[in-house]
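Student: What follows is a single structure, and I will ask about it in a moment.
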């Protein structure tokens, strides 16, 4: 099922309903910029799209989010620890362990979620980063590209008047300083596309607050402060999913020059979206056949960055 939300800021919106809206999020922008066909195939527009399967890593990430952003009580209300003597999770066992549909975590992941959230809170520079705001706040907005509307969306892990806080997990898979691993992840996964997109959406919050485009159970004082604040930044908090429970954080403010490449990716993604939507609509398969041509060394160098 597809849900389309009016432009605005949404508090308490269910995650599944957020994802059911086909507005373009950061992952959509990254894929559209390089493979519009791949975007459509995995989108809500494709009735035969592959099922989105849950994984242990995703469940651990949700656990850290719940514990760090909403507190220990909320974590324990939504996650249960799998007993060490339970070798196989049958449907009957799941019903006994999680009668209210709680997420079942392995003992190691349950403990890791609690430890990671504790270390985030213990960081001297982050002690107040997850206070004075609201978790899991969604935003929808529309931009015009060549006169055509393109709907966009974002889901802030934690929204404060002066910050968008985003938690990222990272595995310690190389013998490198933790900040270096985090910086490499920012580059490898193009996390700055999300940063620039979310800062774009955040700039619209003042107008949404003033125009009554705020939905859900929104704290009035927070909405007022969001509507008044002109200065804010995007804050990454990286936490280690294995090894030492390390935490590293950095912030990016609007106008930071390192966002230039990400802005180009976002603009290319939106141009591709408009182009393919006009050519194929949203109900038909997006498939652009490439002409047959002689392979050249330049083709390989372009594909492998000169290393092949």
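Student: Please enumerate the residues belonging to the stretch 227-238 that are over 22 Å from residue 65 (Cα atoms) and either in contact with a strand residue (DSSP E or B) (Cβ under 7 Å, 6 or more places away or on another chain) or surrounded by 12 or more Cβ atoms within 10 Å (Cβ to Cβ) (or both).
Tutor: Within the stretch 227-238, 227, 229 meet the criteria.
Student: Output yes when any residue across the stretch 3-21 is modelled with pLDDT of 95 or more, over 28 Å from residue 217 (Cα atoms) and in contact with a strand residue (DSSP E or B) (Cβ under 9 Å, 6 or more places away or on another chain), and no when none is.
Tutor: no
Student: I need a count of the residues in the stretch 78-100 that are modelled with pLDDT of 80 or more, touching a helix residue (DSSP H, G or I) at 6+ places or on another chain (Cβ under 9 Å) and exposed (fewer than 14 other Cβ atoms within 10 Å of the Cβ).
Tutor: So the count comes out to 3.
Student: Further question: Restricting the stretch 35-45 to residues that are farther than 16 Å from residue 16 by Cα and free of Cβ contacts under 8 Å to residues at least 24 places away in the same chain, which is surrounded by the fewest Cβ atoms within 10 Å (Cβ to Cβ)?
Tutor: Here the answer is 38.
Student: Which residues, counting only those in the stretch 202-218, are out of contact with any strand residue (DSSP E or B) (no Cβ under 8 Å at 6 or more places or on another chain) and more than 18 Å from residue 152 (Cβ to Cβ)? Don't jump to the end; show me each part of the working.
Tutor: In the first step, residues of the stretch 202-218 are kept if they are out of contact with any strand residue (DSSP E or B) (no Cβ under 8 Å at 6 or more places or on another chain); the result is 203, 206-207, 210-212.
Once the filter is applied, which keeps residues that are out of contact with any strand residue (DSSP E or B) (no Cβ under 8 Å at 6 or more places or on another chain) and more than 18 Å from residue 152 (Cβ to Cβ), the stretch 202-218 yields 210, 212.
Student: A further question follows. Could you list all residues from the stretch 284-300 that are out of contact with any helix residue (DSSP H, G or I) (no Cβ under 8 Å at 6 or more places or on another chain) and either under 30 Å from residue 47 (Cα atoms) or in contact (Cβ under 8 Å) with a residue 40 or more places away in the chain (or both)?
Tutor: Residues satisfying the conditions are 284, 289, 290, 291.
Student: Got a sec? Which strands (runs of 3 or more DSSP E) wholly within the stretch 188-259 have at least 2 residues that are at pLDDT 95 or above and in contact with a helix residue (DSSP H, G or I) (Cβ under 8 Å, 6 or more places away or on another chain)?
Tutor: Counting at least 2 such residues, we get 233-240, 247-252.
Student: Among the residues that make up the stretch 139-152, is at least one of them out of contact with any helix residue (DSSP H, G or I) (no Cβ under 7 Å at 6 or more places or on another chain), farther than 15 Å from residue 61 by Cα and outside any strand (DSSP E or B)?
Tutor: yes
Student: Looking at the stretch 197-222, I want the residues that are assigned by TED's automatic domain parsing to the domain that holds residue 29 and on the phi < 0 side of the Ramachandran plot and have a partner that is surrounded by 19 or more Cβ atoms within 10 Å (Cβ to Cβ) and assigned to a loop (DSSP other than H, G, I, E, B) with Cβ atoms under 7 Å, at least 6 apart or on another chain. Which pairs are those?
Tutor: 202/232; 222/133
Student: Still on this structure, I have one more. From the list 69, 32, which one is closer than 21 Å to residue 199 by Cα, in the same structural domain as residue 150 (by TED's automatic domain parsing) and touching a residue at least 60 places away in the same chain (Cβ under 8 Å)?
Tutor: From the options 69, 32, the qualifying one is 32.
The values are calculated or read from the model by the stated rules, or taken from the named source; none is laboratory data. In this text, all values refer to a predicted model and were calculated from it rather than measured experimentally. Backbone-built Cβ (ideal geometry, glycine too); neighbour counts: all protein chains shown.
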